[in-house]
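One structure below.
The values are calculated or read from the model by the stated rules, or taken from the named source; none is laboratory data. Treat the numbers as computed from the prediction; the structure is a model and nothing was measured. Please note: Cβ atoms are built from the backbone with ideal geometry, for glycine as well, and neighbour counts cover all protein chains shown.
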Number of protein chains: 2
Amino acid sequence: MSKFLINKYQSLEAYVPGEQPKDMEYVKLNTNESPFPPSQGVLDRISSAEVSKLNLYPDPDCKVLRKKIAELYGFESENVFISNGSDEILSFAFMAFCSEEKGAVFPNISYGFYKVYGDLYGVDYTEAPLKEDFTIDVNDYLNINKTVVIANPNAPTGLSLSVDEIEKIVKSNPDNVVLIDEAYVDFGGKSCIELVKKYENLLVVRTYSKSRSMAGARLGYAFGSKSLIDDLNRIKYSTNPYNINRLTLAAGEAAIDDNDYYMNRCKEIVEIREYSKRRLSELGFDYLDSDTNFIFAKSDKIIGEDYYRRLKENGVLVRHFSNPLISGYVRITVGTREQMDKLFEVTEKLLK
Amino acid sequence: MSKFLINKYQSLEAYVPGEQPKDMEYVKLNTNESPFPPSQGVLDRISSAEVSKLNLYPDPDCKVLRKKIAELYGFESENVFISNGSDEILSFAFMAFCSEEKGAVFPNISYGFYKVYGDLYGVDYTEAPLKEDFTIDVNDYLNINKTVVIANPNAPTGLSLSVDEIEKIVKSNPDNVVLIDEAYVDFGGKSCIELVKKYENLLVVRTYSKSRSMAGARLGYAFGSKSLIDDLNRIKYSTNPYNINRLTLAAGEAAIDDNDYYMNRCKEIVEIREYSKRRLSELGFDYLDSDTNFIFAKSDKIIGEDYYRRLKENGVLVRHFSNPLISGYVRITVGTREQMDKLFEVTEKLLK
């Protein structure tokens, strides 16, 4: 830290991304990436001709991509916001809709970045405890008069609220934004985007990083009422108008054209997830009933941190969280069948 | 605007990027892009193999690129920060080093975004007037006890301060950050990056958007003392750790390997700029003595706004600013020789 950093950021604790060690080739099951490459249409679209236009600025309004996403999901372009990964939307939304006066509430076990944004923007936030079974208690979010932020399905638990429960929360907080982070919804969760047409206070955030095999391209999108999207644009055009580069825009457009490819890959992930649950059961693990591309699992035979560490020694990366409420667990990304079999093979060896 | 937007942003005036009309093919001389494509090494690097790895997150630390940039310019990696366009560094720096208590000062005619960042982050800023000849008055920045932000060469004037003048400013403000925005330095300005080794309060910001033909890739970088770079990383890891996508990282690395290509293109731009100045003189224009890839010019025969408008009607885009101090001028990006000849051809016709 320099002596020039202004006071309010001096105690800020930044987000810690999942590790990306380079010391060896790992079976990488720690950051919830898709194990599948982007579709052929994306590969074809990023041609030399496309790359040779990099001297020109991208379209800051992302017109073509917004239209494609809007059409796929039955919205107008004015209801769609595009960002440099969904983290950027979360950052803009915390900035635009939360403050010291207008507080925020989110689960005490969820995506770790919500707390970081809360601290960064000086938001008076509350972390509502999950129930003992790791589900969200809807009552904690009703008539709360704060900005509500919920990942649905939640991470790292993988558990979902129903659309009816989300609607109750949205309806009971008409003077506050309810942000539903649907990063993992394509793996079996139920999306609440249809509620956007009914409630002006609902913002639904999505990402290309998981179900669309594009964590490396950095592309997020959100659905909301025109006025909410206008607010996000005001922040975007006051921080970084050209936030999406040309190649990511092009890839994002091609991926929408190839939507079937991605939805089929999601089905494949779900099948591998269900297979993996069976294998984990056979190995004596407990796990939560995931609607996502990861499984939150623990074993009585090995504590979470040891399991994580010994897997890593054996070339398999999973994610472990030190929060004592969940430190018994590890979060295992669903990879290919071969990757999962490698995990089970190592696990079997470790438990012997 | 929604009713949910917090008070302090309700009167925010966002930045307005240069127009990108799609109604026809224009000779585009309005956003200071390079007219040349990226180097062959960049085209080769963005291969199908590279694109097919987009399912994986990029390296948030940008280790390889930081090392390459550090080596090219004689720094250590710890002195280099990488961002999603240089606008993002500016945004982070205003956030980290300015506040209501710690004010900022920048020229009243400069990159329009400084004012937007000032407003966004609630900074108490001063706009120091340029002298009548549009040069910066160094005295306005000495012992000022505020964060100093200067584009050098300045935009849209194209005029530079000397390294000695920059050093005076840096030396006289030891308790404040001095940010020098060198977006246009590769076209004949004198860089002050060597001073970074001597002064812990100097941050020098650069971009791939102009001299490296990559406005479309969104890539900026900065040099500073380790502690200043650490501060910027603290903000980055609290907003958007994966801010640079894989393809932009790869392109940025390949461009450093091909540095000669870009420096030769810069020489070509400078030659075309000098040719263009002669042609503008012949057409009776006045212009400032640009160190950049644009020329700030005016004519007694046609006012700036009319000239801009009539050029556009004839398929040539330049940029006009409505600020009354400079509304007589237009800013003309230096394009290819053919593009410039088209501009002069249309101008001749208009002045007849």
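Numerical summary
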item: Residue check, B:Leu232 in contact (Cβ under 8 Å) with a residue 60 or more places away in the chain and buried (at least 23 other Cβ atoms within 10 Å of the Cβ); result: yes
item: Residue tally, condition more than 14 Å from chain A (Cβ to nearest Cβ) and touching an Asp or Glu at 6+ places or on another chain (Cβ under 9 Å), over region B:193-203; result: 3
item: Odd one out for A:Asn30, checked against (1) in contact (Cβ under 8 Å) with a residue 24 or more places away in the chain; (2) outside any helix (DSSP H, G or I); (3) in the same structural domain as A:Ile235 (by TED's automatic domain parsing); result: (3)
item: Among residues of region A:1-24, those that are assigned to a loop (DSSP other than H, G, I, E, B) and within 7 Å of another protein chain (Cβ to nearest Cβ), counted; result: 10
item: Which listed residue, of A:Phe94, A:Phe81, is crowded, with 22+ Cβ neighbours inside 10 Å and assigned to a strand (DSSP E or B); result: A:Phe81
item: Residue satisfying all of: in region A:276-287; touching a residue at least 24 places away in the same chain (Cβ under 8 Å) and surrounded by fewer than 21 Cβ atoms within 10 Å (Cβ to Cβ); nearest to A:Gly335 (Cα to Cα) among these; result: A:Arg279
item: Odd one out for B:Arg206 among (1) over 17 Å from B:Ser91 (Cβ atoms); (2) among the charged types (D, E, K, R); (3) more than 8 Å from chain A (Cβ to nearest Cβ); result: (1)
item: Odd one out for A:Ile69 among (1) more than 30 Å from A:Phe321 (Cα to Cα); (2) touching a Leu at 6+ places or on another chain (Cβ under 8 Å); (3) more than 10 Å from chain B (Cβ to nearest Cβ); result: (2)
item: Test for A:Val64: is it surrounded by fewer than 19 Cβ atoms within 10 Å (Cβ to Cβ), more than 7 Å from every other protein chain (Cβ to nearest Cβ), touching a residue at least 24 places away in the same chain (Cβ under 8 Å) and β-branched (Val, Ile, Thr); result: yes
item: Residue check for A:Asn143: over 22 Å from the mean Cα position of the chain (by Cα) and closer than 30 Å to B:Asn30 by Cβ; result: no
item: Filter result for B:Leu228 (within 9 Å of chain A (Cβ to nearest Cβ), in contact with a strand residue (DSSP E or B) (Cβ under 6 Å, 6 or more places away or on another chain), over 26 Å from B:Leu56 (Cα atoms) and modelled with pLDDT of 95 or more); result: yes
item: Per-region count, region A:191-208, residues out of contact with any helix residue (DSSP H, G or I) (no Cβ under 7 Å at 6 or more places or on another chain) and assigned to a loop (DSSP other than H, G, I, E, B); result: 1
item: Every residue from region B:172-181 that is away from chain A (no Cβ under 14 Å) and surrounded by fewer than 23 Cβ atoms within 10 Å (Cβ to Cβ); result: B:Ser172
item: Check on A:Asn233, more than 19 Å from the chain's Cα centre (by Cα), under 26 Å from A:Asn84 (Cα atoms) and not assigned by TED's automatic domain parsing to the domain that holds A:Val177; result: no
item: Filter result for B:Asn145 (out of contact with any Phe, Trp or Tyr (no Cβ under 8 Å at 6 or more places or on another chain) and at positive phi); result: yes
item: Check on A:Asn259, at pLDDT 95 or above and within 29 Å of A:Arg45 (Cβ to Cβ); result: yes
item: Meets criteria (in contact with a Gly (Cβ under 8 Å, 6 or more places away or on another chain), surrounded by fewer than 19 Cβ atoms within 10 Å (Cβ to Cβ), of a type in the set (D, E, K, R) and within 12 Å of chain B (Cβ to nearest Cβ)) for A:Lys53; result: yes
item: Index of the failed condition, A:Ser48 passing every other in (1) more than 24 Å from B:Lys226 (Cα to Cα); (2) surrounded by 15 or more Cβ atoms within 10 Å (Cβ to Cβ); (3) facing chain B (nearest Cβ under 7 Å); result: (2)
item: Residue under evaluation A:Glu313, criteria (1) touching a residue at least 12 places away in the same chain (Cβ under 8 Å); (2) surrounded by fewer than 18 Cβ atoms within 10 Å (Cβ to Cβ); (3) among the charged types (D, E, K, R), criterion not met; result: (1)
item: Lone unmet requirement of (1) among the acidic types (Asp, Glu); (2) part of a loop (DSSP other than H, G, I, E, B); (3) under 24 Å from the mean Cα position of the chain (by Cα) for B:Glu71; result: (2)
item: Residue list for region A:73-126, filter: β-branched (Val, Ile, Thr) and under 19 Å from A:Tyr141 (Cβ atoms); result: A:Val105, A:Ile109, A:Val123, A:Thr126
item: Residue within region A:160-170 that is within 12 Å of chain B (Cβ to nearest Cβ) and either farther than 30 Å from A:Gly328 by Cβ or surrounded by fewer than 20 Cβ atoms within 10 Å (Cβ to Cβ) (or both) present; result: no
item: Test result for A:Val42, under 30 Å from B:Ala254 (Cα atoms), in contact (Cβ under 8 Å) with a residue 12 or more places away in the chain and either within 7 Å of another protein chain (Cβ to nearest Cβ) or crowded, with 19+ Cβ neighbours inside 10 Å (or both); result: yes
item: Residue in region A:47-62 that is outside the structural domain of A:Arg246 (by TED's automatic domain parsing), of a type in the set (Lys, Arg) and in a loop (DSSP other than H, G, I, E, B) present; result: no
item: Residue among B:Glu132, B:Glu88 that is surrounded by fewer than 24 Cβ atoms within 10 Å (Cβ to Cβ) and among the acidic types (Asp, Glu); result: B:Glu132
item: Subset tally (residues that are over 17 Å from the mean Cα position of the chain (by Cα) and either within 26 Å of A:Asn314 (Cβ to Cβ) or more than 7 Å from chain B (Cβ to nearest Cβ) (or both)) for region A:25-39; result: 7
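For (1) part of a loop (DSSP other than H, G, I, E, B); (2) without any contact (Cβ under 8 Å) to a residue 40 or more places away in the chain; (3) within 14 Å of chain B (Cβ to nearest Cβ), each residue gets a yes or a no:
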| residue | (1), (2), (3) |
| --- | --- |
| A:Glu127 | no, yes, no |
| A:Asp140 | no, yes, no |
| A:Val149 | no, no, yes |
| A:Gly189 | yes, no, no |
